[in-house]
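Just below is one structure, and these are the notes that go with it.
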């Protein structure tokens, strides 16, 4: 019979950093709650004088999403992981949050171990990936967290090629060049109005102002 798993103070602290409750910490360390408490009640936090078990109590559930709770007779999160509950009623981002808080998955990249938090909001940029590409299959063997870099290398790119182009390139927008020709009928019409010259440039808008109007305008400005 294998000997019980020894939990060091460092193990307990690491589990506390990645979860929001003692239940989550025990699950994170893959042991029973009673086994976890056996060690967490021995180790003391020097700053507060509390045991690590007392320090990590979260009876009110602060910071833990209330949906998909594992308490009571019904345990939706467990049913979802087992594949007996449809995910259509739940938001994927909140499912991922609950999986992390409950200690089912570690909040770090499964490939490179990245777990650095963003400065402005302390969020860790990780993407939930599905090994079989089925986004409805939340079985623990099928899901893993990846950082953006590893996601690009090994799974699905977190950004599209169009987004990359928009970030990397400055595309100067220019007005479209006029693309038309003046046929004989139009040229004769313009000649009858006094708006046509042999050196007439159809792309120059000022050429469509009559000579009489131009002369009147110049005369008015002179007076």
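Nothing in this text is a laboratory measurement; each read-out follows from the coordinates by a stated rule. Small disclaimer: the values here were computed from a predicted structure and weren't measured. Please note: Cβ atoms are built from the backbone with ideal geometry, for glycine as well, and neighbour counts cover all protein chains shown.
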Take 36, 152 and order them by how many other Cβ atoms sit within 10 Å, fewest up front. 152, 36
Starting from the 7 Å offset along Cα-to-Cβ, what nm value, one decimal, do you get for the label separation of residue 142 and residue 188? 7.6 nm
Provide the gained length on full extension for the span residue 50 to residue 169, in nm with one decimal, where the gain is 0.36 nm per separating residue minus the Cα-Cα distance. 37.3 nm
Compute the FRET efficiency between residue 34 and residue 8 as 1/(1 + (r/R0)^6), taking r as their Cβ-Cβ distance and R0 = 22 Å, and round to the nearest 0.05. 0.80
Computed over segment 1-58, the relative contact order (Cα-Cα under 8 Å, seq sep at least six) in percent reads 31 percent
